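Enquirer: Take a look at the following structure, please.
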Amino acid sequence: MRRLIIILLLLIASVWCGLLAIRHTGFLLIVYQPWMVQMPLWFAFICFLVFFGLFYLVIDSIDRMGFLWFRLKNWLHIRREHQSYGKTQQGLAALIEGRFKKAERLLIAGVNQSFDPLINYLSAARAAHEQKALDRRDHYIQKAYESAPKAHLAIGLTQAELEVKQDQLAAATATLSHLRQISPVHPRVLKLLEKVYVRLADWKNLQNMLPAMRKAKILTKVEFELFEKNIYCEIFHAASDKRLSDLRLIWKDVPRYLKKQPDIVCAYVTQLLQHAPITGSDTTKEIALLIQYTLRTTWHAQLAKIYGKLSFADLNRQLVIVGAWLNRYGQQPELLFILGTLCARLQLWGKARDYFARCLACAPNAEASLAYGKLLESLGERDEALQKYREGLVLLASLPE
């Protein structure tokens, strides 16, 4: 209904305008030498409306064409990105599946249209690394640095990880040390650096890194103490060519709570034993005191064995000390062997025989069998002595070289 009313109004307006134009005729005169154009005013008005309509249509068409061109370019761009994204996805899938050559090809093919080519370059570097193509790997790492200058940490971690896998430990140390300057307590950097230092047996640098590892919450308090203990053990194990003064300096640096750890004490006194024949009774006395102090609270079989090999002037006192350990820790074969040896040296034949027999009852022991055989031989019991000698030699022969 509204549309009909509007149409009627337009018709009425048109008729009225036509009548008005007929009643009041006028002319439009346009002079442009040597031409002159004259037309009725109403015709000029109609020409103006037609011209304005055509002008509007041309402008609107140009605008529509521009919008269509924009949409076409946008569609082409999205299509290229989708194709690139598809190649990146396929490349990552091939990398996970272990098809490294195909993965490298697809990942590099998807670089140009990728929003973030960093992922492509780093993944391509891994694929090249797995193919032992180290030159291409390094090239991709360099391209990653160029494409994402602010992603030093991510790129450096990938580079260091690949260097560690290739046993390029010196290069990995340099890379990780640089990353540690950027981020001193980054967990991944510290873990990789720990792995490198362990493989290089660089215990000093590993020890210096421990506080940062604890600050980064890589290690709990218990893990920290265990790790520190193992580091000091390795430091002592690697100190076989050190002088006695150097050994004592290392021992001085050991934290007080770790000096009670039997493993560390054992590693230290093992190195001190090498200097005992040269330095004499002072070193032997130091070793004995350390072992006595440690075994007073904690049992350690290797420390007991070392103690049994020491030379003492006062054998009776040592017999009392080792006897107290036996009462505290029970029938330990190491203690029974030491007691048997001390009793034999003190000519307490019956006790020595009893201790050796109890030691062998706990477990076969080549050293105890030979010492027992020697004791029986000195007591004139040759047949039994030969039997013990035979058992000891069989046990020695069965030991791995």
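Enquirer: It is to be established whether one or more residues within region 68-77 are within 30 Å of Ala125 (Cα to Cα) and either modelled with pLDDT under 70 or open to solvent by 100 Å² or more (accessible area, probe 1.4 Å) (or both). Can you show your working first?
Expert: Of all residues in region 68-77, those within 30 Å of Ala125 (Cα to Cα) come to 76-77.
Pick out the ones that are also either modelled with pLDDT under 70 or open to solvent by 100 Å² or more (accessible area, probe 1.4 Å) (or both) and you get 76-77.
Within region 68-77, one or more residues are within 30 Å of Ala125 (Cα to Cα) and either modelled with pLDDT under 70 or open to solvent by 100 Å² or more (accessible area, probe 1.4 Å) (or both).
Enquirer: Kindly check whether there is at least one residue in region 383-394 that is in a helix (DSSP H, G or I), under 28 Å from Val320 (Cα atoms) and modelled with pLDDT of 85 or more.
Expert: No, region 383-394 has no match at all.
Enquirer: Filter region 206-217 down to the residues that are under 23 Å from Asp253 (Cβ atoms) and touching a residue at least 24 places away in the same chain (Cβ under 8 Å), then identify the one that is most open to solvent (accessible area, probe 1.4 Å).
Expert: We begin by selecting, within region 206-217, every residue under 23 Å from Asp253 (Cβ atoms); these are 206-215.
Add one more test, that the residue is touching a residue at least 24 places away in the same chain (Cβ under 8 Å), and what stays is 206-207, 212, 215.
Details: Leu206: 1, Gln207: 32, Ala212: 15, Lys215: 157 Å².
Only one residue tops the list, namely Lys215.
Results for (1) in contact with a Ser or Thr (Cβ under 8 Å, 6 or more places away or on another chain); (2) polar (S, T, N, Q); (3) free of Cβ contacts under 8 Å to residues at least 40 places away in the same chain, shown as yes or no for each residue.
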residue: Ile264; (1), (2), (3): no, no, yes
residue: Thr270; (1), (2), (3): no, yes, yes
residue: His275; (1), (2), (3): yes, no, yes
residue: Leu295; (1), (2), (3): no, no, yes
residue: Ala301; (1), (2), (3): no, no, yes
residue: Tyr307; (1), (2), (3): no, no, yes
residue: Val320; (1), (2), (3): no, no, yes
residue: Gly323; (1), (2), (3): no, no, yes
residue: Leu326; (1), (2), (3): no, no, yes
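Enquirer: Give me the helices (runs of 4 or more DSSP H) completely within region 102-221, filtered to those with at least 1 residues that are charged (D, E, K, R) and over 21 Å from the mean Cα position of the chain (by Cα), ordered by residue number.
Expert: On the way: elements: 117-130, 134-147, 152-165, 169-182, 187-200, 203-215.
Correct list: 134-147.
Enquirer: Hey, does region 99-120 have a residue that's within 30 Å of Met209 (Cα to Cα), surrounded by 22 or more Cβ atoms within 10 Å (Cβ to Cβ), of a type outside the set (Lys, Arg) and in contact with a Leu (Cβ under 6 Å, 6 or more places away or on another chain)? Before the answer, list the steps.
Expert: Initially, region 99-120 is screened for residues within 30 Å of Met209 (Cα to Cα), giving none.
For region 99-120, residues within 30 Å of Met209 (Cα to Cα), surrounded by 22 or more Cβ atoms within 10 Å (Cβ to Cβ), of a type outside the set (Lys, Arg) and in contact with a Leu (Cβ under 6 Å, 6 or more places away or on another chain): absent.
Enquirer: Given the conditions (1) touching a helix residue (DSSP H, G or I) at 6+ places or on another chain (Cβ under 6 Å); (2) open to solvent by less than 70 Å² (accessible area, probe 1.4 Å); (3) farther than 29 Å from Leu303 by Cα, which single one is not true for Trp203?
Expert: Going through the list (1) touching a helix residue (DSSP H, G or I) at 6+ places or on another chain (Cβ under 6 Å); (2) open to solvent by less than 70 Å² (accessible area, probe 1.4 Å); (3) farther than 29 Å from Leu303 by Cα, Trp203 breaks only (3).
The values are calculated or read from the model by the stated rules, or taken from the named source; none is laboratory data. Worth saying up front: this structure is predicted, and the values here are computed from it rather than measured. All Cβ positions, even for glycine, are placed from backbone atoms using ideal geometry, and neighbour counts span all protein chains on display. Note: areas computed on protein heavy atoms with side chains; ligands, DNA, RNA excluded. Shrake-Rupley method; radii C 1.70, N 1.55, O 1.52, S 1.80 Å.
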